[in-house]
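The values are calculated or read from the model by the stated rules, or taken from the named source; none is laboratory data. All figures in this text were calculated on a predicted structure; none of them were measured in a lab. We place every Cβ from the backbone using ideal geometry, glycine too, and count neighbours over all the protein chains shown. Please note that ligands, DNA and RNA were not included when accessible areas were found on the heavy atoms of the full protein model with its side chains. Shrake-Rupley method; radii C 1.70, N 1.55, O 1.52, S 1.80 Å.
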Amino acid sequence: MVLNNDWKIFLDDELHKDYFIQLQEFIDNEYKSTTVFPKYDAIFRAFNLLSPDKIKVVIIGQDPYHGVGQANGLAFSVCDTCKIPPSLKNIFKELHDDVGCDISACGNLTQWANEGVLLINSVLTVLESRPNSHKDIGWENFTDSVIKKLSLNYKNIVFILWGAPSQKKALFIDESKHLILKASHPSPLSSYRGFFGSKPFSKTNSYLLACGNKEIDWCLN
């Protein structure tokens with residue numbers, strides 16, 4: 001599992017903790033013995049695309065897609081040629097209703113990362129066809145620490161928390177320095193319980209502009 005140097009420095013203490021060393025050994029063995037998503041070199045892709053000091057927005061999902069070829073290391077994102085999953089369809093619908101972006105035919109969200117959006121899951125790996133299969137093996141400790149450190153070391157980040165697992169991260173965010181936006185998960189099972197109409201994209205940009213930062217171009221080319 002490879003993190004770029006900026007993140008290695010930022011998370012140095014965490015990477016040397018016993019739980020993380022054990023997690024890394026466990027994950028390495030899982031990839032050798034079974035089918036795990038995303039690809040090994042994409043586990044930390046969300047981090048490696050965006051240095052900590054460039055982050056404007058953090059969107060936190062649950063765990064990666066568990067179908068073949070879907071997960072690309074960014075939460076909610078899929079490969080260019082993949083069918084768009086239901087949760088992402090709903091995100092695109094809210095994006096259209098909120099800020100008027102055309103609904104994209106491509107589910108790859110790398111462009112958002114390039115705009116300053118860190119797209120991470122609470123759990124960074126998953127076994128094929130087994131959602132939540134890598135829950136409670138240490139990833140939550142790691143991503144909790146990431147959120148804590150971002151909250152402590154920076155200011156004026158927007159944290160978008162969709163669904164109950166993501167909303168647990170609110171405990172680690174200083175609301176006097178950052179904006180937290182909570183809504184139900186965009187899954188078809190819960191999207192009508194507060195996700196639709198939550199306007200996370202326009203609220204994010206209003207906050208960023210009020211803080212003197214450049215807004216996010218959410219519309220995908």
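Solvent-accessible area of region 1-63 (1.4 angstrom probe, protein heavy atoms only): carbon and sulfur portion equals 47 percent. Under 17 Å from a label point set 7 Å out along the Cα-to-Cβ vector of Asp18, the amide N atoms of region 140-154 belong to 141-142. Note on exposure: His96, His178 ranked by accessible area (1.4 Å probe, complete protein assembly) read His96, His178, with the most exposed listed first. Accessible surface calculations at 1.4 Å, restricted to protein heavy atoms, place region 118-221 at 47 Å² per residue. Taking amide H as placed 1.01 Å from N in the peptide plane, the amide H of Leu118 sits under 5 Å from that of Lys56, Val57, Val58, Ile59, each at least 5 places away or on another chain. List the pairs from Lys135/Lys214; Lys83/Lys149; Lys83/Lys169 whose alpha-carbon separation is above 31 Å, in the order I gave them. From the list (Lys135/Lys214; Lys83/Lys149; Lys83/Lys169), the Cα-Cα distance tops 31 Å for Lys135/Lys214; Lys83/Lys149. Put +1 on the Cβ of each Lys and Arg and -1 on the Cβ of each Asp and Glu in the chain; which of His185, Ser129, Ala71 then has its Cα farthest toward the positive end of the dipole? Value: His185. Pick from Ser191, Ser33, Ser87: which is most flexible by mean-square fluctuation in a GNM of the chain where alpha carbon atoms under 10 Å apart are linked? Residue with maximal mean-square fluctuation among Ser191, Ser33, Ser87: Ser33. Among 98-104, 72-78, the peptide with the highest mean count of other Cβ atoms within 10 Å heads the list, and the full ranking is 72-78, 98-104. Carbon and sulfur: what percent of region 148-221's accessible surface (1.4 Å probe)? After summing per-atom areas, the C and S share lands at 53 percent. Between Lys32 and Leu189, what's the calculated FRET efficiency when r is the beta-carbon distance and R0 is 41 Å? Round to 0.05. After rounding, the FRET efficiency stands at 0.75.
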